[in-house]
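All remarks here apply to the structure that follows.
The values are calculated or read from the model by the stated rules, or taken from the named source; none is laboratory data. Everything quoted here is computed from the prediction, not taken from an experiment. Cβ placement follows ideal geometry from the backbone for every residue including glycine, while neighbour counts extend to all protein chains displayed.
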Amino acid sequence: MTFEYVSENPLFLCGHSSEEVLNMGYEFYFKNVPEKDLELLNLINEAGFDFFEKLSLNERKLYTITYDFHLVNQDKKHILVNHRLTPAVNNKII
């Protein structure tokens with residue numbers, strides 16, 4: 001799985017450049033998210049994508065999935081991150 005966009009904010013990059021994180025895709029999570037949070041991310045993503053698939057394209061723009069998880073930075077400190085998923089098509093909100 002890949003990312004469409006990666007912020008330049010160094011707080012969320014865990015010592016990597018945004019380009020490196022973009023190239024890593026979901027591998028970034030496997031390297032920088034604690035195991036317990038990875039399990040949660042997997043459950044949320046499966047449930048969230050299943051939910052969105054059942055909605056019409058017009059209904060999808062009405063919903064955003066929001067959740068918190070930890071990133072482990074280069075200093076091994078845990079940083080709580082609020083993540084939001086909003087459906088997009090061709091880099092535009094639908």
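Just to be sure before I move on: is LEU11 assigned to a loop (DSSP other than H, G, I, E, B), surrounded by 10 or more Cβ atoms within 10 Å (Cβ to Cβ) and modelled with pLDDT under 90 in the structure I sent?
Considered against the rule, which asks whether it is assigned to a loop (DSSP other than H, G, I, E, B), surrounded by 10 or more Cβ atoms within 10 Å (Cβ to Cβ) and modelled with pLDDT under 90, LEU11 comes out as no.
If the requirement is being surrounded by 15 or more Cβ atoms within 10 Å (Cβ to Cβ) and in contact with a Phe, Trp or Tyr (Cβ under 7 Å, 6 or more places away or on another chain), which of these qualifies: LEU85, LEU22?
One residue alone meets the criteria, LEU22.
Out of all the residues in the range 34-61, which are assigned to a loop (DSSP other than H, G, I, E, B) and more than 19 Å from GLU4 (Cβ to Cβ)?
Correct list: PRO34, LYS54, LEU55, SER56.
Output the number of the condition that SER17 fails; it satisfies all remaining conditions of (1) loosely packed, with under 11 Cβ neighbours inside 10 Å; (2) farther than 14 Å from HIS83 by Cβ; (3) of a type in the set (Ser, Thr, Tyr).
Result: SER17 fails condition (1) only.
Scan the range 49-66 and give yes if some residue there is surrounded by 14 or more Cβ atoms within 10 Å (Cβ to Cβ), within 12 Å of the chain's Cα centre (by Cα) and of a type in the set (Ser, Thr, Tyr), otherwise no.
No, that holds for no residue.
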